[in-house]
Amino acid sequence: MLVAYGMTLEQRYLNEAQTAVDTLFEDMAFTISNEVYTVHYNNPADFPITDLFGDAYGTSAAYKLYALTGQTKYLGYSHDFLNTLLRLTFWYEGESDVYSRDLDTAGLFYFHGGAWHTCPCETTESYVSIA
């Protein structure tokens with residue numbers, strides 16, 4: 001929605017981006033119940049759908065919303081996405097092991113411990129927000 005807004009400057013796209021992020025952080029809740037357990041999720045940090053792709057893009061999207069609207073809650077949400085991203089990744093060390101040395105400067109994060117390549121969500125856009 002933010003890309004569409006950037007291309008068209010139509011307010012409806014900015015509104016939709018705000019609604020999506022606001023819903024995730026302020027209104028989303030759900031319950032999973034089965035024969036083994038029942039759990040109610042109402043905190044995005046606990047959602048079992050958290051993943052690296054969404055967190056990298058969420059970091060960027062929330063920060064762009066902050067830059068466009070000046071609403072500091074979006075800066076906080078950007079930090080929340082980033083904190084989750086950092087908890088889910090292994091820091092890239094260029095000389096730490098054979099796989100890292102092979103990657104050279106290809107990226108910052110392994111997206112899980114067994115990965116031998118960088119995270120596919122690593123783009124200049126997400127790096128700028130992360131930085």
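The values are calculated or read from the model by the stated rules, or taken from the named source; none is laboratory data. Quantities reported herein were computed from a predicted structural model and do not represent experimental measurements. With ideal geometry, Cβ positions are generated from the backbone for all residues, glycine too; neighbour counts draw on all protein chains shown.
Residues in the range 80-102 include at least one that is assigned to a helix (DSSP H, G or I) and at pLDDT 85 or above.
For beta carbons closer than 7 Å, sequence separation of 6+ or different chains, a first residue in the range 21-44 that is closer than 28 Å to Leu65 by Cβ and a second that is surrounded by fewer than 10 Cβ atoms within 10 Å (Cβ to Cβ) and not small (Gly, Ala, Ser), the qualifying pairs are His40/Thr31.
The listed residues are Tyr63, Tyr57, Tyr41, and the only one of them that is out of contact with any helix residue (DSSP H, G or I) (no Cβ under 9 Å at 6 or more places or on another chain) and among the aromatic types (Phe, Trp, Tyr) turns out to be Tyr41.
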